[in-house]
Structure formats: structure tokens, C-alpha cells
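S.K.: Shown below is the structure under consideration.
The values are calculated or read from the model by the stated rules, or taken from the named source; none is laboratory data. None of the values given here were measured: they were computed from a predicted structure. Every residue, glycine as well, gets a Cβ built from its backbone with ideal geometry; the counts of neighbours run over all protein chains shown.
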Amino acid sequence: MGRTSKDKRDVYYRLAKENGWRARSAFKLLQLDKEFQLFQGVTRAVDLCAAPGSWSQVLSQKIGGQGSGHVVAVDLQAMAPLPGVVQIQGDITQLSTAKEIIQHFKGCPADLVVCDGAPDVTGLHDVDEYMQAQLLLAALNIATHVLKPGGCFVAKIFRGRDVTLLYSQLRVFFSSVLCAKPRSSRNSSIEAFAVCQGYDPPEGFIPDLSKPLLDHSYDPDFNQLDGPTRIIVPFVTCGDLSSYDSDRSYPLDLEGGSEYKYTPPTQPPISPPYQEACTLKKKGQLAKEIRPQDCPISRVDTFPQ
Ligand code: SAM
């Protein structure tokens, strides 16, 4: 891909670099905040699945500006340091990582937990949705340990076939659950964000990391998936309608007239999983895909007689 082709295609990618954000995702959190005032009164926050760190950047600027804020960022991948952000490298679905995060908030709960986690998508929609749901539930489980009553949880969600199950689970723990689609999130993507406000676990609920949350043992009213009692959460689009549309292509000279100047990414990933493939490609050693039409003879495999 050329140096400007992605810039041409994706206006938020370009704006992120111009404004010093590590990823275009920063706009999603900013647009969600505009709609839901997520950062109001927040001094302690957890950013789950944080790399390369644009949400942590937003959090550290919005709540850590006076030096009083406290942000804990967690990801499988290493992340370049950010001022006022404590980093933990680990898998949020693992007990050991969850325990490490919880330790940071002993006696001083968090006001906000955000999770922009996404699995490496396989293209098999059911599998991708299932993996995404598992990440969300792992994040929710951690949130039940660290959130203060009334606190807020925001997590990426795939609006797939079984999303109602997740909504009903979230409604067990929060007085308000909405599904929000920021303008910077492509329409063509099934991604949206569950915005859960007013943390209010059911009476008698004891957070337990070893217990999956989808056990239907709390408040059966919320777990009716069919019929008229089915949970339907409001769907909200956010971000100014006159702001850029993430599905459109815009000219490179956005301001009109001024010559376009390429801006390098603010912070490239430190050791991305695709690094080895890039090195092999540079050396011309990356195995090429063999397409059936490239095979000289069409072969029919037969079992030995
Ligand atoms: N919000 C980030 C930002 O603004 O820079 C972008 C997050 S990116 C879309 C998704 C991240 O989820 C990846 O960095 C990936 O490593 C992380 N992730 C996926 N599964 C994870 C897991 N089980 N535990 C921790 N992080 C995970």
C-alpha cells in the first residue's frame, strides 16, 4: 500500500495522524463522550485492550490533565508509554491479568471501564461474534470487581444474531444500557459500543472471576430473550452529523487548496504480530498464495487402491 492510499481512503485515519492520536479509534471515544459525557467527574479509569493507545491518550488528556487522574491500560501487545498511564501487558480473559488489574484499584474503585477489544477476525461471523462476546464478558467480569456503584462501562460489541443475550446480561448490572454507533465507526462494520451507565449489581452479587457471568442466576426478568419481555436497548448514533462520514472518500486537501503533506503515524505498534511477515516480505521470502488457476494441471486426488 502506498504512503497516501490509506490517507485517501480513510479520513479519520488521516485526521488521527494530523492530530497526534495513535489510532483513528480516538474519534470513537471522543464522539461517545460528546453524547454521553463519559468523563464527567471521572478520576480513575481502566482501558482494556488498549494498544496502540489512542483511547488511553484520550483518557489521560481528559481525566489526567491535572495530574490527579489515574489510568490503567491493558493489552496483549506492548504499548509505547504514555504520561499518567500505568500499563499491564496481558490477556484480559486470563485470571492472572484480571487479578493484576484489580490489585491497582484495591480500596479505591474506578469510575469508568472501557474496552475496545477485538479478536483477530476470522471472517466466520459466528466465530467472530462469539470471540467478541467472550472479550466483552471478560471485561464485564473485571468491571464488576473494580467499578464503583454508579460507575460506567463502555465496550465494543458486534451487533450479531445473539447480541440480545449480551444486552440482557449487561442490564443485570447497569441501570441504563444503550447501543451507540459513533460516526467514525464505519457503517459497513457490525461494530458498535454498549454504553452501560449506573453500575448497580443485583443484591447479593459477589464478584467472582472464576464464574462465567452468563449463568442466568440473577434477576430472571432480564433474561427473557423471546416474546414481549425481550430486552430491546435503544440505538443511538453519535458524532455530529455534519462531521466526516467514515464510509466516504474525501479529497486529500481537506481545507481546500492547501497542498497535502504526508504525516507519518504518531506511534507505530511496538512489536505487532505481523512483524515477522513484514520482515520476510522485505527479503522476498514470504510464501506466495497458490491459486487453483495457477496450477498447470488440475489434479484429482484419489485414494490408493
Ligand atoms: N482502543 C485502542 C486504541 O484506541 O488504540 C485500539 C484497540 S484495538 C481495536 C484492539 C486491541 O484488542 C488490540 O490491541 C488487541 O491486542 C487487543 N486484544 C484482543 N484480545 C485481547 C485480550 N484477550 N486481552 C487483551 N487485549 C486483547
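S.K.: Output the residue which, of all residues in the stretch 31-62 that are in contact with a helix residue (DSSP H, G or I) (Cβ under 7 Å, 6 or more places away or on another chain) and aromatic (Phe, Trp, Tyr), is farthest from the ligand (Cβ to nearest atom).
M.R.: 39
S.K.: While we're on this one: So residue 241 passes all but one of these: (1) among the hydrophobic types (A, V, I, L, M, F, W, C); (2) at pLDDT 70 or above; (3) part of a loop (DSSP other than H, G, I, E, B); (4) closer than 29 Å to residue 146 by Cα. Which condition number does it fail?
M.R.: (4) is the only condition that residue 241 fails.
S.K.: Quick check, is residue 161 touching a helix residue (DSSP H, G or I) at 6+ places or on another chain (Cβ under 6 Å) and among the charged types (D, E, K, R)? Write out each step before concluding.
M.R.: Numbers: touching a helix residue (DSSP H, G or I) at 6+ places or on another chain (Cβ under 6 Å): no; among the charged types (D, E, K, R): yes.
For residue 161, the condition - touching a helix residue (DSSP H, G or I) at 6+ places or on another chain (Cβ under 6 Å) and among the charged types (D, E, K, R) - is not met.
S.K.: Looking at the stretch 50-149, what helices (runs of 4 or more DSSP H) fall wholly within it and have at least 1 residues that are within 20 Å of residue 193 (Cβ to Cβ) and of a type outside the set (Gly, Ala, Ser)?
M.R.: Working: elements: 54-63, 95-104, 125-146.
Of the helices (runs of 4 or more DSSP H) lying wholly inside the stretch 50-149, those with at least 1 residues that are within 20 Å of residue 193 (Cβ to Cβ) and of a type outside the set (Gly, Ala, Ser) span 54-63, 125-146.
S.K.: Starting from the stretch 260-281, keep only residues that are without any contact (Cβ under 8 Å) to a residue 12 or more places away in the chain and at negative phi, then list their pairs with residues that are assigned to a loop (DSSP other than H, G, I, E, B) and not small (Gly, Ala, Ser) whose Cβ atoms are within a distance under 6 Å, requiring at least 6 positions of separation or different chains.
M.R.: That search, which allows pairs on different chains as well, returns 280/286.
S.K.: Quick one: residue 115 ticks every box in (1) over 16 Å from the mean Cα position of the chain (by Cα); (2) buried (at least 17 other Cβ atoms within 10 Å of the Cβ) bar one, so which box is it?
M.R.: With respect to (1) over 16 Å from the mean Cα position of the chain (by Cα); (2) buried (at least 17 other Cβ atoms within 10 Å of the Cβ), residue 115 is out only on (1).
S.K.: With 189, 210, 217 as the choices, which residue is within 14 Å of the chain's Cα centre (by Cα), modelled with pLDDT under 95 and not in a helix (DSSP H, G or I)?
M.R.: Working: 210 fails: within 14 Å of the chain's Cα centre (by Cα); 217 fails: within 14 Å of the chain's Cα centre (by Cα).
Of 189, 210, 217, the one residue that is within 14 Å of the chain's Cα centre (by Cα), modelled with pLDDT under 95 and not in a helix (DSSP H, G or I) is 189.
S.K.: Please enumerate the residues belonging to the stretch 86-121 that are aliphatic (A, V, I, L, M) and more than 12 Å from the ligand (Cβ to nearest atom). Even if it seems obvious, please write down each step before you answer.
M.R.: Step one: filter the stretch 86-121 for residues aliphatic (A, V, I, L, M), giving 86, 88, 92, 95, 98, 101-102, 110, 112-114, 118, 121.
Matches in the stretch 86-121: 86, 95, 102, 110, 112, 113.
S.K.: Within the stretch 130-168, count every residue that is over 21 Å from residue 97 (Cβ atoms), buried (at least 24 other Cβ atoms within 10 Å of the Cβ) and in contact (Cβ under 8 Å) with a residue 40 or more places away in the chain.
M.R.: 1
S.K.: Going through 34, 28 one at a time, which residue ends up being surrounded by 23 or more Cβ atoms within 10 Å (Cβ to Cβ), under 18 Å from the mean Cα position of the chain (by Cα) and part of a helix (DSSP H, G or I)? Explain how you work it out, then say what you get.
M.R.: Details: 34 fails: surrounded by 23 or more Cβ atoms within 10 Å (Cβ to Cβ).
Residue meeting the stated conditions: 28.
S.K.: Just checking, which of 123, 160, 90 is out of contact with any strand residue (DSSP E or B) (no Cβ under 6 Å at 6 or more places or on another chain) and modelled with pLDDT of 90 or more? Show your work before the answer.
M.R.: On the way: 123 fails: modelled with pLDDT of 90 or more; 160 fails: modelled with pLDDT of 90 or more.
Of 123, 160, 90, the one residue that is out of contact with any strand residue (DSSP E or B) (no Cβ under 6 Å at 6 or more places or on another chain) and modelled with pLDDT of 90 or more is 90.
S.K.: Quick one: what pairs do we get from the stretch 246-259, first residue at pLDDT 75 or above, second surrounded by 12 or more Cβ atoms within 10 Å (Cβ to Cβ) and among the small types (Gly, Ala, Ser), C-beta under 6 Å, 6+ apart or different chains?
M.R.: Note: pairs meeting the criteria are 246/184.
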